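**Student:** For reference, the structure I am asking about is given below.
The values are calculated or read from the model by the stated rules, or taken from the named source; none is laboratory data. From a predicted model like this one, the values you see are computed outputs, not experimental measurements. Virtual Cβ from ideal backbone geometry, glycine too; neighbours counted across all protein chains shown.
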Amino acid sequence: SARVSVDAWGLEDEDVCLGFVDRCFLLSADFLFKFLVIGNAGTGKSCLLHQFIEKRFKEDSNHTIGVEFGSKIINVVNKYVKLQIWDTAGQERFRSVTRSYYRGAAGALLVYDITSRETYNALTNWLTDARMLASQNIVIILCGNKKDLDADREVTFLEASRFAQENELMFLETSALTGENVEEAFVQCARKILNKIESGELDPERMGSGIQYGDAALRQLRSPRRAQAQSPQECVC
């Protein structure tokens, strides 16, 4: 696993950056999924990513400038899935930059702070951006972060749960401080993507799906079946 700042490399082009990063992590995986972490500034997005990758709380967290990147391989239903996770800045002045990273994302954590009504009220805008700029099929899990600050809560679990249901989102409350439900959020999102691949709802070979096969053999196994399915039936007349 790894976490790095895109700005530190001086790489502005996302595709160049993805290729560079992927060569850095040569561990074998069955699939690669592109993930986003989106939501208002101050909701704990970077701390969630840090907790997920490093298994500890990031004490000295500042607002993300532009975009940061993290990578981790997880086991989901006996498949090894590499997550390429783009942690986007939540401040309005960076929106034009971060929107360019939405393209071709397969999954996203949409994060709000349970102690801040303002961050919850902004969810609709973030959700609209994700579905317009990434894909209508993007799998999104809503994360009510800072669950450890329940005494200061401004958004109830029931209210957020209803919002998730109305917008066809999965939902968990998380704590980047304690680690509660952090890994589960990423795993649930990845599991749903895998289910959609297996049902045929998502096609990893479609351009911009945000999904790649991690092993060329998987592609070779799939191609003959596809070619067979698409070949015209022989005439028996």
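**Student:** If we keep just the residues of the stretch 159-186 that are part of a loop (DSSP other than H, G, I, E, B) and of a type in the set (D, E, K, R), which is surrounded by the most Cβ atoms within 10 Å (Cβ to Cβ)?
**Tutor:** E180
**Student:** Turning to a different aspect of this structure: Looking for whichever is assigned to a strand (DSSP E or B), modelled with pLDDT of 75 or more and among the hydrophobic types (A, V, I, L, M, F, W, C) here; the options are F52, F35. Which one fits?
**Tutor:** On the way: F52 fails: assigned to a strand (DSSP E or B).
None of the other options fit; the residue is F35.
**Student:** Picking from R131, R206, which residue would you name as being modelled with pLDDT under 95 and either touching a Pro at 6+ places or on another chain (Cβ under 6 Å) or assigned to a helix (DSSP H, G or I) (or both)? Steps first, answer last, please.
**Tutor:** Details: R206 fails: either touching a Pro at 6+ places or on another chain (Cβ under 6 Å) or assigned to a helix (DSSP H, G or I) (or both).
The conditions single out R131.
**Student:** For the stretch 111-123, state whether one or more residues are assigned to a strand (DSSP E or B), within 25 Å of F33 (Cβ to Cβ) and at pLDDT 95 or above. Give the steps one after another, and end with the answer.
**Tutor:** Taking the stretch 111-123 and keeping what is assigned to a strand (DSSP E or B), we get 111-113.
With within 25 Å of F33 (Cβ to Cβ) added as a condition, the list becomes 111-112.
Cutting the leftovers down to at pLDDT 95 or above gives us 111-112.
Taking every residue of the stretch 111-123 in turn, at least one turns out to be assigned to a strand (DSSP E or B), within 25 Å of F33 (Cβ to Cβ) and at pLDDT 95 or above.
**Student:** Same structure again: With respect to S161, determine if the residue is without any contact (Cβ under 8 Å) to a residue 24 or more places away in the chain and touching a Phe, Trp or Tyr at 6+ places or on another chain (Cβ under 8 Å).
**Tutor:** yes
**Student:** Against the definition (farther than 30 Å from Y213 by Cα and surrounded by 15 or more Cβ atoms within 10 Å (Cβ to Cβ)), how does L110 come out, yes or no?
**Tutor:** In short, no.
**Student:** Still on this structure, please answer the following. So, of the residues in the stretch 139-158 that are free of Cβ contacts under 8 Å to residues at least 60 places away in the same chain, closer than 24 Å to K192 by Cα and touching an Asp or Glu at 6+ places or on another chain (Cβ under 8 Å), which turns out to be surrounded by the most Cβ atoms within 10 Å (Cβ to Cβ)?
**Tutor:** G144
**Student:** Within the stretch 100-121, work out how many residues are of a type in the set (A, V, I, L, M, F, W, C) and either closer than 17 Å to K146 by Cα or over 19 Å from the mean Cα position of the chain (by Cα) (or both).
**Tutor:** If we filter the stretch 100-121 for residues that are of a type in the set (A, V, I, L, M, F, W, C), which is where we start, we get 105-106, 108-111, 114.
Pick out the ones that are also either closer than 17 Å to K146 by Cα or over 19 Å from the mean Cα position of the chain (by Cα) (or both) and you get 109-111, 114.
Going through the stretch 100-121 one residue at a time, the tally reaches 4.
**Student:** List pairs: first residue in the stretch 64-76 and within 28 Å of E198 (Cα to Cα), second residue at pLDDT 90 or above and basic (K, R) anywhere in the structure, Cβ distance under 6 angstrom, at least six positions apart or on different chains.
**Tutor:** Qualifying pairs under 6 Å: I73/K82; V76/R191.
**Student:** Out of the residues in the stretch 212-221 meeting the condition of being modelled with pLDDT of 55 or more and in contact with a strand residue (DSSP E or B) (Cβ under 6 Å, 6 or more places away or on another chain), tell me which one is nearest to A108 (Cα to Cα).
**Tutor:** So the residue we want is Q212.
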